[in-house]
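There's a structure below that I have some questions on.
The values are calculated or read from the model by the stated rules, or taken from the named source; none is laboratory data. A quick note: this is a predicted structure, and the numbers were derived from the prediction, not measured. Glycine gets a Cβ as well: all are built from the backbone with ideal geometry, and neighbour counts include every protein chain shown.
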Ligand SMILES: CC(C)(COP(=O)(O)OP(=O)(O)OC[C@H]1O[C@@H](n2cnc3c(N)ncnc32)[C@H](O)[C@@H]1OP(=O)(O)O)[C@@H](O)C(=O)NCCC(=O)NCCS
């Protein structure tokens, strides 16, 4: 389903290209995995980004979340998702003392933009759409993790109104700032 049309500047040729923001479903799994592979191969440091398992992506694609993608001519160029953790142990509300309110916690997850389309503010654009949707669904607390070394993403979270609450080891061995915003 198309949510919005946007024009983006492509880095490779400087051209403005028409794109659509769309809600993704299970059929997009392959494209998300391909984009993720590209993102991981282009990382300056493996520590900056935690890639998701197929199972977690399927959670975002409907089972326990909602994913939006940015599409240009059938190519997925960016993707971001909401995850509804409920009472599960990964609920970041537990890390910041929201044990009594876990059902109204939503995670902002999986923010990736293809290297050719960075600099268009897509992380912020997608986050704003997702946060609005989370609010409409009755969620009250948005949480996300970001590497303290990921300055682009950290700055975007600050611009969106997130505050760093604490820093913890997540995903086994990765240092992560826990970012929070009340909605
Ligand atoms: C983080 C990310 C989503 C931001 O993409 P974006 O929304 O296009 O970034 P912005 O539009 O806010 O970019 C702001 C500036 O930083 C630059 N920039 C964006 N991502 C960059 C990166 N990974 N490395 C270096 N510079 C980057 C942009 O070109 C832009 O510069 P400009 O102002 O001179 O044009 C993207 O870099 C990405 O997909 N990174 C890999 C995955 C990741 O780290 N996700 C976040 C996990 S918390």
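Looking at the range 89-107, which of its residues are within 16 Å of the ligand (Cβ to nearest atom) and farther than 17 Å from residue 163 by Cα?
Matches in the range 89-107: 90 only.
Let me ask something else. Are any residues in the range 148-183 within 13 Å of the ligand (Cβ to nearest atom), closer than 30 Å to residue 2 by Cα and in a strand (DSSP E or B), and if so, which ones?
The one that is within 13 Å of the ligand (Cβ to nearest atom), closer than 30 Å to residue 2 by Cα and in a strand (DSSP E or B): 179.
Exactly one condition in (1) in contact with a strand residue (DSSP E or B) (Cβ under 7 Å, 6 or more places away or on another chain); (2) assigned to a helix (DSSP H, G or I); (3) over 30 Å from residue 140 (Cβ atoms) is false for residue 40; which is it?
Here residue 40 meets the rest and fails (1).
Still on this structure, I have one more. Among (1) at pLDDT 95 or above; (2) within 16 Å of the ligand (Cβ to nearest atom), there is one condition residue 86 misses while meeting the rest; what is its number?
(2)
This table checks each residue for (1) surrounded by 18 or more Cβ atoms within 10 Å (Cβ to Cβ); (2) in a loop (DSSP other than H, G, I, E, B); (3) touching a residue at least 60 places away in the same chain (Cβ under 8 Å); (4) under 14 Å from the mean Cα position of the chain (by Cα).
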residue: 5; (1), (2), (3), (4): no, no, no, no
residue: 11; (1), (2), (3), (4): no, yes, yes, no
residue: 17; (1), (2), (3), (4): no, no, no, no
residue: 28; (1), (2), (3), (4): yes, no, no, no
residue: 35; (1), (2), (3), (4): yes, no, yes, yes
residue: 44; (1), (2), (3), (4): no, yes, no, no
residue: 55; (1), (2), (3), (4): no, no, no, no
residue: 61; (1), (2), (3), (4): yes, no, no, yes
residue: 71; (1), (2), (3), (4): yes, no, no, no
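With the checklist (1) closer than 23 Å to residue 168 by Cβ; (2) in contact (Cβ under 8 Å) with a residue 40 or more places away in the chain in hand, flag the one item residue 67 doesn't pass.
(1)
For the range 119-138, give me each residue that is in contact with a helix residue (DSSP H, G or I) (Cβ under 9 Å, 6 or more places away or on another chain) and surrounded by 17 or more Cβ atoms within 10 Å (Cβ to Cβ).
123, 127, 131 - these are the residues of the range 119-138 that are in contact with a helix residue (DSSP H, G or I) (Cβ under 9 Å, 6 or more places away or on another chain) and surrounded by 17 or more Cβ atoms within 10 Å (Cβ to Cβ).
Tally the residues that are near the ligand (Cβ under 7 Å from one of its atoms) and within 18 Å of residue 83 (Cα to Cα), restricting the search to the range 108-142.
4
Next question, about the same structure. Does residue 145 satisfy the condition of being assigned to a strand (DSSP E or B), within 16 Å of the ligand (Cβ to nearest atom), at pLDDT 95 or above and out of contact with any helix residue (DSSP H, G or I) (no Cβ under 8 Å at 6 or more places or on another chain)?
Taking the combined requirement at face value, the residue does not satisfy it.
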